[in-house]
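Shown next, in structure tokens, is the structure this report addresses.
Throughout, read-outs are computed from the coordinates displayed, never taken from laboratory work. Here the structure is a predicted model, which means the values were calculated and not measured. Cβ placement follows ideal geometry from the backbone for every residue including glycine, while neighbour counts extend to all protein chains displayed.
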Amino acid sequence: MTIQKDAGEILLFIYEKYTGGVEYLDAKQIVDTTKWDAGRINRAIHYLNDLGSLKMNFYMGNTNGVHNFGIMGLTPEGIQTVESKDHFKRNFGFTVNLGLFSYSWGASEK
């Protein structure tokens, strides 16, 4: 996996939760869902934050080595990135069909 691909998968997961009515996600939820190691999650979350895709805060401490954070939703940039196939591919290196995407961690949506 690459940082870009990992970040793309996490962004899709957050988008699906956000559009499904979930208003807050934290580090523990990402750790429990992906089962990825801390470094992998940290790199992907920081990549998304640096892109300006997430409305989020970082907090002191960590959860199993993952920096503590809270995600309160997506920015307009994050939404446009997910909903534009060209923009998504440019940022994450792969294309996605929102209704048929399956994650590398085994969970699939819709």
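Some observations on this one:
- Using the average count of surrounding beta-carbon atoms within 10 Å as a protection proxy, the listed peptides 42-53, 13-24 rank, highest first, as 42-53, 13-24.
- Given their separation in residues at 0.36 nm each and the Cα-Cα distance between them, Met60 and Asn97 gain 9.7 nm when the chain is fully extended.
- Dipole moment magnitude, nearest 20 debye, the chain about Cα centre, only Lys, Arg, Asp, Glu C-beta charged: 180
- Unsatisfied cross-links (Cα-Cα over 22 Å) in the set Lys5/Lys35; Lys28/Lys89; Lys28/Lys85: Lys28/Lys89; Lys28/Lys85
- Across the chain, the mean sequence separation of Cα contacts (distance under 8 Å, 6 or more residues apart), normalised by length, yields a relative contact order of 29 percent.
- Estimated distance in nm for a label pair at Thr19 and His46, the labels positioned 7 Å out from Cα along Cα-to-Cβ: 3.0
- Alpha carbon centroid spacing (whole Å) that separates segment 77-98 from segment 22-66: 19
- The calculated pair-distance distribution of segment 3-92 uses every alpha carbon pair, bins of 5 angstrom beginning at 0, and gives 3, 15, 29, 27, 18, 7, 1, 0 percent.
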